[in-house]
Amino acid sequence: MNDKEFSEQIHKLKQVYGDRYYPDGRVRLIWSEFKHLGAKDFEAGIDKLILEKRQAPLIDEFRAVFAISGASGRQARIQQIKAANYCDLCGNTGVISFASKTYRCSCPLGEAGLLFSGMMPRWETTTEKTFNG
Ligand SMILES: [Zn+2]
């Protein structure tokens, strides 16, 4: 989503729960964590929060509502993993190409099989040794 689409949803939250729960510093952090979401997905999540939450939803509630399964949930999970770790082995792609073959990395990104579908052999520390004889 873009800046404007995000701001519209934050404005809705402010109208329901009050400005004081969404100061600029907090809004910026929410933006940095959820900006990768599509505008429609973000709006749907905010609407759900507004309907369900008596008190101003903050980051925990945001994470819960956007961790739903489906494309947007998967993207959010990938972003969380990427923010928390950096994998030198696969460069945070979850995939290792070696000797003309493609492997799933053994890091959380590869383990979760988040970035690709279908069967892909798992990269083992022994794989490289096997190829090198
Ligand atoms: Zn990796």
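The values are calculated or read from the model by the stated rules, or taken from the named source; none is laboratory data. Fair warning: this is a prediction, and the values are worked out from it, not measured in the lab. Here the Cβ is made from the backbone with ideal geometry for all residues, glycine too, and neighbour counts use every protein chain on show.
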Checklist entry - Is at least one residue of the range 70-83 closer than 28 Å to Val16 by Cα, part of a loop (DSSP other than H, G, I, E, B) and either within 12 Å of the ligand (Cβ to nearest atom) or modelled with pLDDT under 85 (or both)? => result yes
Checklist entry - Just checking, which of His36, His11 is out of contact with any Ser or Thr (no Cβ under 6 Å at 6 or more places or on another chain) and not in a helix (DSSP H, G or I)? => result His36
